[in-house]
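I have placed the structure first, in the form of structure tokens, so that the comments after it can refer back to it.
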Amino acid sequence: MKKIWFYAIMALLFTGCEDFLDTENLTKKDNSNFPESAADAETALTGIYALLREMTPGEDGQSFFLTAELLSDDRFGGGGPDDRRMHAVDRLKKVDDNMFADVWKQDYRAIYRCNMLLGSLDAITWENEEVRKKIEGQTHFLRAYFYFDLCRMFGTVPLITSTEPVNQPRATAEELYALIASDLKTAIEQLPSNRYSAAGNAELGRCTKWAAEALLARAFLFYTGYYQQESMPLPEGTLSRTEVIAYLDDCIDHSGHDLIGDFRNLWPYSNPYTKKNYKYAQDNELEWVGEDGANVETVFAIRYSSKATWDNPWYNNEVCLYSSPREPASLEAIFPFGIGWGVGTVNPSVWEEWPANDLRREGSIMSVEKEMPDYGWGADKQMNETGYWQKKYMAVNAYNDADESVNYSRILYPEIDSDYQLNNTQDLVIIRFADVLLMAAELKKDAAPLNRVRKRAGLPPVTYSDEALRNERHWELAFEGLRYYDLLRWGIASEALSRQDGVKVLDNMVETRMDMGDIAQRLEVTKGLLPLPKTQIDLSAGVLEQNPGWGNESNLN
């Protein structure tokens, strides 16, 4: 098969990864001598995890999470007048032919690292077989994770399972999801069944058997819903609903994960430094559970660092940066939140339709009218302004000893860079135990796990129905990157996204209405998938074909 430069370049990218290899000259490491030992394998695995943090290093915040949020009916494009990509994604349109080139390259770069490590394991002399199984299980999990992101965004993509630089056409959905299912089953079998312990968690941020069981359920639900199938393919045979339920039951019964007492204590606005001056946190006696051992609800998260610089800005959580209000006249006017780029303003319909007796509404959404009397509208030419901001992933501030409003991370970590663009350390939670319970409820058609989540929110039990399940997923998991793909797999995306049309917003202080165009037709033509980067189609010499609906100019924003 024809070789193409893209995959050759990925091999070079592996040797140029971040500081996880900085103990030796990187030019001495190549496929012939790395990894040679268990320690090398662990170092290579760390290099794969490092790529999880690179969620938004590309132009205009290209990332799976932020894109999924803007595509949903919960949030608008926002940003400023020049943020055309944000406005295009919100409407399922494009501004150029390479909008997601960075996402594509990032995911395949990570897949290459996974393939390289998996292909090297047999050449290592292992003194401890359990160490090998643990490294191998995590690597299979991570490869499945990256492929699942690609498959949800683009539908079908090339299936690469070796380091050979070949020009592959797109695999079928069955082939891709068979690999995802197989990788996750391998991870479940290889990883230890250690219960989560608040006291002994030295590997926070690493995937576990429980995370693999949960991600397999998420992939199963998406594949069977989106492709209208009863089971999920495997390389040999299929994976049934009954088997997936057994995995979720195992996670629920034996993982040690659980719901924390108060939903609002999951989010950093309830931290003790902010609470001193944040009436909402005081009135509700909130106490942030934090992101370390005491947080039994997080099953898998991407961990960020206090060591971000402009050489490695992705060490900090740029999702929070993108999702916070644009520069106001004063930080006091938006306290307890900090400065960002104003992307993803909240659709006011979410607030209006959310039951007022559900504590998660005010725990998830900042209403300017209720909480920010001095809020300055139109800051830095804010677009799609609604008076509502999501609370889960925003820059959170606190007053320091000098009475300055600064990111709470600057109080936790005095050494952190003072630039607001570099000091968001909040974890990005990929799987919460609440989601595990709701997936179990959906697969079993059983209200018991659903009502366990509702009870934590102070709500009465309900009888199971698809509508009740869908509402519960919406309110519990809002703004966590799941809503759009839930709508797609349920087959109700056209109806939900069309309701955004005509919603009143302010564009740089000018009152207007959201114009979604004929988004229902675009969803029908594109199937809700995004365009492959033209650079990759060109590099493939036509072996890759563009997704339907994206090869003409009618979809330009």
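The values are calculated or read from the model by the stated rules, or taken from the named source; none is laboratory data. Since the structure is predicted, the reported quantities are computational estimates derived from the model, not experimental observations. In this analysis, Cβ positions are derived from the backbone assuming ideal geometry, glycine residues included, and neighbour counts consider all displayed protein chains. All accessible areas refer to the heavy atoms of the entire protein, side chains included, with ligands and DNA or RNA removed. Shrake-Rupley method; radii C 1.70, N 1.55, O 1.52, S 1.80 Å.
Count of region 245-260 residues, restricted to those that are outside any loop (DSSP other than H, G, I, E, B), open to solvent by 30 Å² or more (accessible area, probe 1.4 Å) and touching an Asp or Glu at 6+ places or on another chain (Cβ under 8 Å), is 2. Taking (1) closer than 22 Å to Gly293 by Cα; (2) modelled with pLDDT of 95 or more; (3) of a type outside the set (Val, Ile, Thr) in turn, Gly205 satisfies each apart from (2). Ala110 satisfies every condition listed in (1) open to solvent by 20 Å² or more (accessible area, probe 1.4 Å); (2) aliphatic (A, V, I, L, M); (3) closer than 21 Å to Asp40 by Cα except (1). Please go through region 444-453 and give me each residue that is in a helix (DSSP H, G or I), surrounded by fewer than 21 Cβ atoms within 10 Å (Cβ to Cβ) and either at pLDDT below 95 or not basic (Lys, Arg) (or both), ordered by number. Selection gives Ala447, Ala448, Asn451.
Of everything in region 223-244 that is in contact with a strand residue (DSSP E or B) (Cβ under 7 Å, 6 or more places away or on another chain) and not β-branched (Val, Ile, Thr), the residue that is most open to solvent (accessible area, probe 1.4 Å) is Ser231.
When region 304-319 is filtered for residues that are farther than 23 Å from Asp403 by Cα and crowded, with 17+ Cβ neighbours inside 10 Å, the ones remaining, listed by number, are Tyr304, Ala308, Asn312, Pro313, Trp314, Tyr315, Asn316, Asn317, Glu318, Val319. For region 150-172, a tally of residues being open to solvent by 10 Å² or more (accessible area, probe 1.4 Å) and either hydroxyl-bearing (Ser, Thr, Tyr) or part of a helix (DSSP H, G or I) (or both) returns 6. You will find that of Ser465, Ser540, Ser494, the residue that is farther than 20 Å from Leu221 by Cα and either without any contact (Cβ under 8 Å) to a residue 12 or more places away in the chain or among the hydroxyl-bearing types (Ser, Thr, Tyr) (or both) is Ser540 and no other. Of all the listed residues (Val510, Val503), the sole one being open to solvent by 10 Å² or more (accessible area, probe 1.4 Å) and without any contact (Cβ under 8 Å) to a residue 12 or more places away in the chain is Val510. Taken over region 173-222, the criterion of being among the polar types (S, T, N, Q) and either over 19 Å from the mean Cα position of the chain (by Cα) or open to solvent by less than 40 Å² (accessible area, probe 1.4 Å) (or both) is satisfied by Ser182, Thr186, Gln190, Ser193, Asn194, Ser197, Asn201. Suppose the filter is out of contact with any Phe, Trp or Tyr (no Cβ under 7 Å at 6 or more places or on another chain), modelled with pLDDT of 95 or more, of a type in the set (D, E, K, R) and closer than 19 Å to Tyr196 by Cα; does Asp283 pass it? No; evaluated as a whole, the condition is false for this residue. Among all positions in region 230-242, there is at least one residue which is under 24 Å from the mean Cα position of the chain (by Cα) and within 21 Å of Leu437 (Cβ to Cβ).
Scanning region 261-275 for residues that are touching a residue at least 24 places away in the same chain (Cβ under 8 Å), in a helix (DSSP H, G or I) and either of a type in the set (Lys, Arg) or open to solvent by 30 Å² or more (accessible area, probe 1.4 Å) (or both) returns Arg264, Tyr273.
The residue list Ala144, Ala187, Ala178, Ala217 contains one member that is in a helix (DSSP H, G or I) and farther than 30 Å from Glu297 by Cβ, which is Ala178. If you take the residues in region 412-431 that are outside any loop (DSSP other than H, G, I, E, B) and in contact with a strand residue (DSSP E or B) (Cβ under 6 Å, 6 or more places away or on another chain), which one is surrounded by the most Cβ atoms within 10 Å (Cβ to Cβ)? The selected residue is Ile431.
The requirement of being among the hydroxyl-bearing types (Ser, Thr, Tyr), over 20 Å from Met232 (Cα atoms), within 24 Å of the chain's Cα centre (by Cα) and open to solvent by less than 10 Å² (accessible area, probe 1.4 Å) is not satisfied by Tyr147. Just so you know, in region 113-134 the residues that are charged (D, E, K, R) and open to solvent by less than 50 Å² (accessible area, probe 1.4 Å) include one that is farthest from Thr161 (Cα to Cα), and it is Arg132. Scan region 276-285 for residues that are surrounded by 14 or more Cβ atoms within 10 Å (Cβ to Cβ) and assigned to a helix (DSSP H, G or I) and the total you get is 2.
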